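**Q** Sharing a structure below in structure tokens format, with a few things to ask.
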Amino acid sequence: MLSLIDPRFECSICLNCLKDPMLTRCGHRFCSECITTWLKRKSQICPIDLLPLTIEGLFPDNYTKREIDEQKVACLNTGCDVTIPLLEADQHYASCGFNKNQINGDADNLCPFHLIGCKDTIKNKSELSNHLVMSVHRHITLLTKSHIDFMNKFQIRDGARSKALEATQLWDANKDPNSEKALLCNLYERIVVLEQSNIEKDKDIERLNQKNTIKDKDIERLSQMVNNLVVEFAQSQNAISLITSITSNGVYIWRFENFMESLKSMREKPLQTRYYTPGFYTSSAGYKVCGRINMSSDNRNLSLFIHMMRGDYDDTLIWPFSGHITLSLIHPTNPMQSICLKMQSSAESEAFRRCSFGNNGNEVPSLNPRAFGYTEFVSIDEVLQNGFIKNDSIVIKIIVECI
Amino acid sequence: MNNIATQRIKREFKEVIKSEELAKCSIKVDLIGDSYTELKGEIAGPPDTPYEGGTFFLEIKVPETYPFNPPKVRFMTKIWHPNISSVTGAICLDILKDQWAAAMTLRTVLLSLQALMAAAEPDDPQDAVVAKQYKDYPEIFAKTASHWTNVYAGGPNKNTDFDTKIQRLIDMGIERDQARGALSTYNWDLERATEQLFS
């Protein structure tokens, strides 16, 4: 887009606005540079009327110069409402951001910072806001640059400004890659890039934190589930041991673990220290019994007994209990060495009566306090010396049969 | 190209386009490519001349020293005119040579050429053969120029007599443009043209 110039102010050689106008003796005006170039090159004539003319025939036309300096023109581009000095019109049109609209009739809008050199075009509102956010740096740089250009133009300078000027000059496109400025510029660009990536990283972290919170909740829920499962498992185990006690058919294998430590406790406190098996039934809907080990009173033998217990089916059974009881200490490697003692129940013994006693000072309330068995079942020396202990455990087998 | 030449051509372009000659389709300038160094001009044959109704294309080369030196202009459309070479299209016009002035523009050049077409200057010829015919046989010149306009510039006046003579030479194995050139040169005397072609 070229400005329309009043013919009075147009140089016929460059067709531009007169710059340092010169008046010829034949009454024509040209730019000083244009007419001197012409007269140097060609025959000494006026380019318009071809009358003889020499450099001596030229005079500076300061009247016209002043007149031109006072001329202001409005930019003809639609959308641009800038008024510019006539002499600078071409410069303005060269950089006017509204040129594009004029030429293409393009629907694209310009960045609001186009006046200071941002060339981006924006299609819609969201793109505009995006552009404004993303290009803050560039816009600030452009603003600073145009501000300093402006200040510079009016010759206002001081130390700080020249520094700022220097800083903005780093942004000029034509830069020597080897110069310090270029290096600084590169560093600055690098900083901008890094800041950008920093922002992105922050966003990533925020996202990860959110994810973590979700994960934490998941974990909490899972641990809750695990707890529930543990409780359920314990209940199931109880149920299983109950079932086992019912389905044992009067046979109980007692794996007595941590034997040496238990032995030590028994020796130290022979009266207080007694070990019991869980209760088990002689058959389903049978008698409930349990086994017991403790130190004999001479402190040299293990005692092994059977206690009748209060069972769920006591009402339906015949009392006193009648049957065989077999107690065995199993040798882990040699069956021949196992100790096996078999007894017949006795109708007279208190021990086979129905367990209807209260808890009169017994450790296990639902248990007949009278036991039946051997106070000297096996000597401790024999247990220790004949290899009954394996993995710090002894195995006792109790069989209770009804007759 | 230096800045002033480009700047000026850009401005002139606007001048040519806005000028009223365009409305009459009499002169026109087009860009060739993106540079302003080569342009294509277009002139309508002036009315009441043998060139009327024809469209003549010009090759315009803008030197770097423009406007201090004239543009180099040549007819791309073949034309029969005393001041224009019938072979190369070179133009003999003072303003394109020593009478150039920096205030002149492409528009004034094209208008000058249009004027030249309307008023030839046989005393300062580019093509001596044409100039001689122009002076000695103005009627034949007018017919020949009109015929060339018809053939090369899309003019309206068909000359069946000339076409027949050209066809005769073509039948003898002569190329069409060469045949037309020879016949034009010898004032459409078939015998002399043949003689010249086969000598």
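**Q** Is region A:185-339 best put as rounded, prolate or oblate by its Cα gyration tensor, with a ≥ b ≥ c the root eigenvalues, rounded for a/c under 1.5, and otherwise prolate when a/b is larger than b/c, oblate when not?
**A** Prolate, because a/c is 1.5 or more and a/b exceeds b/c.
**Q** Which shape class applies to region B:128-198: rounded if a/c is under 1.5, otherwise prolate when a/b exceeds b/c and oblate if not, where a ≥ b ≥ c are the square roots of the Cα gyration tensor eigenvalues? List each step's numbers first, then the result.
**A** Details: a/c = 1.97, a/b = 1.17, b/c = 1.68.
Since a/c reaches 1.5 but b/c is at least a/b, the shape of region B:128-198 is classed as oblate.
**Q** Can I ask one more? Name the residues whose placed amide hydrogens come within less than 5 Å of the amide hydrogen of A:GLY323, ignoring near sequence neighbours (fewer than 5 apart) on the same chain.
**A** A:SER345, A:ILE403
**Q** For A:LYS203, which aspartates and glutamates qualify as cross-link partners when the Cα separation must be under 16 Å and same-chain residues fewer than eight apart are set aside?
**A** The qualifying aspartates and glutamates are A:GLU195.
**Q** Follow-up. If you project the alpha carbons of the protein assembly as shown onto their three principal axes, what span does each projection cover, largest first, in Å?
**A** Computed over the protein assembly as shown, the largest-to-smallest principal extents equal 174, 81, 45 Å.
**Q** Now for a different question. Filter the cross-link list A:LYS145/A:LYS181; B:LYS78/B:LYS135; A:LYS19/A:LYS40; B:LYS40/B:LYS135; B:LYS14/B:LYS72 down to pairs whose alpha-carbon distance in this structure exceeds 23 Å.
**A** On the way: A:LYS145/A:LYS181 16 Å; B:LYS78/B:LYS135 20 Å; A:LYS19/A:LYS40 18 Å; B:LYS40/B:LYS135 31 Å; B:LYS14/B:LYS72 20 Å.
Too far apart for the 23 Å limit: B:LYS40/B:LYS135.
**Q** Something else about it: Residue by residue through region B:106-115, what is 3J(HN,Hα) from phi via Karplus (6.51 cos²θ - 1.76 cosθ + 1.60, θ = phi - 60°)? Round to whole Hz and write x for glycine and proline.
**A** 4, 5, 5, 5, 5, 5, 5, 5, 4, 5
**Q** In addition: Work out the P(r) tail for chain B: percent of alpha carbon pairs separated by more than 29 Å, whole number.
**A** Details: 5673 of 19701 pairs.
Percentage above 29 Å: 29.
**Q** With just the Cα atoms defining each centre, how far is region A:39-91 from region B:27-54? Give it in Å.
**A** 30 Å
**Q** Under the rule of at least 5 residues apart or a separate chain, name every residue whose amide H is placed under 5 Å from the amide H of A:PHE377.
**A** Amide H to amide H, under 5 Å and 5 or more residues apart or across chains, A:PHE377 pairs with A:LEU302, A:SER303, A:LEU304.
**Q** I've got another one for you. Projecting each Cα onto the charge dipole of chain B (Lys/Arg +1, Asp/Glu -1 at the beta carbon, about the Cα centre), which of B:ILE170, B:ASN83, B:VAL62 comes out farthest on the positive side?
**A** Checked the options; the winner is B:VAL62.
**Q** Checking the cross-link filter: which lysines have an alpha carbon closer than 19 Å to that of A:LYS123, excluding same-chain neighbours under 8 positions apart?
**A** Straight-line reach from A:LYS123, under 19 Å: A:LYS100.
**Q** To continue, here is another question. Would you kindly calculate the translational diffusion coefficient of region B:3-118, applying Stokes-Einstein with the Kirkwood radius from alpha carbon pairs, for 25 °C and a viscosity of 0.890 mPa s, and quote it in µm² s⁻¹ without decimals?
**A** Working: Rh = 14.3 Å.
Translational D for this selection: 172 µm²/s.
**Q** Next question, about the same structure. Could you give each residue of region B:131-146 its phi-based ³J(HN,Hα) in whole Hz, using Karplus coefficients 6.51, -1.76, 1.60 with θ = phi - 60°, and x for Gly or Pro?
**A** Karplus-based 3J(HN,Hα) across region B:131-146 equals 4, 5, 4, 4, 7, 7, 10, x, 5, 5, 4, 4, 5, 5, 4, 5 Hz.
**Q** For region B:45-118, which GluC sites (Glu not before Pro) pass both filters: DSSP loop (anything but H, G, I, E, B) and at most 16 other C-beta atoms within 10 Å?
**A** Answer by residue number: B:GLU64.
**Q** Would you compute the Debye intensity of region B:67-150 from its alpha-carbon atoms alone, equal scatterers and no solvent, and pass along log10 I(q)/I(0) at q = 0.12, 0.25 Å⁻¹ to two decimals?
**A** Result of the Debye calculation: -0.35, -1.25.
**Q** Further question: Through the Karplus equation 6.51 cos²θ - 1.76 cosθ + 1.60, θ set to phi - 60°, convert the phi angles of region A:31-40 into ³J(HN,Hα) values in whole Hz; use x for Gly and Pro.
**A** 5, 3, 5, 4, 5, 5, 4, 4, 5, 6
**Q** Moving on. Can you give the charge dipole size of region B:128-198 about its Cα centre, rounded to the nearest 20 debye, using +1 on the beta carbon of Lys and Arg and -1 on the beta carbon of Asp and Glu? All intermediate terms of the calculation are to be shown ahead of the outcome.
**A** Values: 9 positive and 10 negative charges, 39 e Å.
Dipole size: approximately 180 debye.
**Q** Please list, or write none, the lysines whose alpha carbon is within less than 21 Å of the alpha carbon of A:LYS288, excluding same-chain residues fewer than 8 places away.
**A** Answer for A:LYS288, where 21 Å is the Cα cut-off: A:LYS342, A:LYS397, listed by chain and number.
**Q** Related question: What FRET efficiency comes out for A:GLU257 versus A:ILE191 if R0 is 51 angstrom and r is the Cβ-Cβ distance? Round to the nearest 0.05.
**A** Values: r = 70 Å, r/R0 = 1.38.
After rounding to 0.05, the efficiency reads 0.15.
**Q** Which angle from 0 to 90°, rounded to the nearest 10, does the C-alpha axis of helix A:136-153 make with the longest principal axis of chain A?
**A** 30 degrees
**Q** So what is the calculated 222 nm ellipticity per residue for the protein assembly as shown, using -39500 (n - 2.57) for each DSSP H run with n of 4 or more, over all residues, to the nearest 500 deg cm²/dmol? Could the numbers behind the result be given before it?
**A** Details: 18 runs with 243 residues, N = 602.
-13000 deg cm²/dmol, from helical runs alone.
**Q** Considering just Cα atoms, how many Å³ per residue does the convex hull of region A:40-95 enclose? Walk me through the numbers on the way to the answer.
**A** Values: hull volume 7.1 nm³, N = 56.
Dividing the Cα hull volume of region A:40-95 by its residues yields 127 Å³.
Here, each number is a calculation from the coordinates, and none is a lab measurement. Bear in mind the structure is a predicted one, so any value in this text is a computation, not a measurement. Cβ: placed from backbone, ideal geometry, glycine included. Neighbour counts: every protein chain shown.
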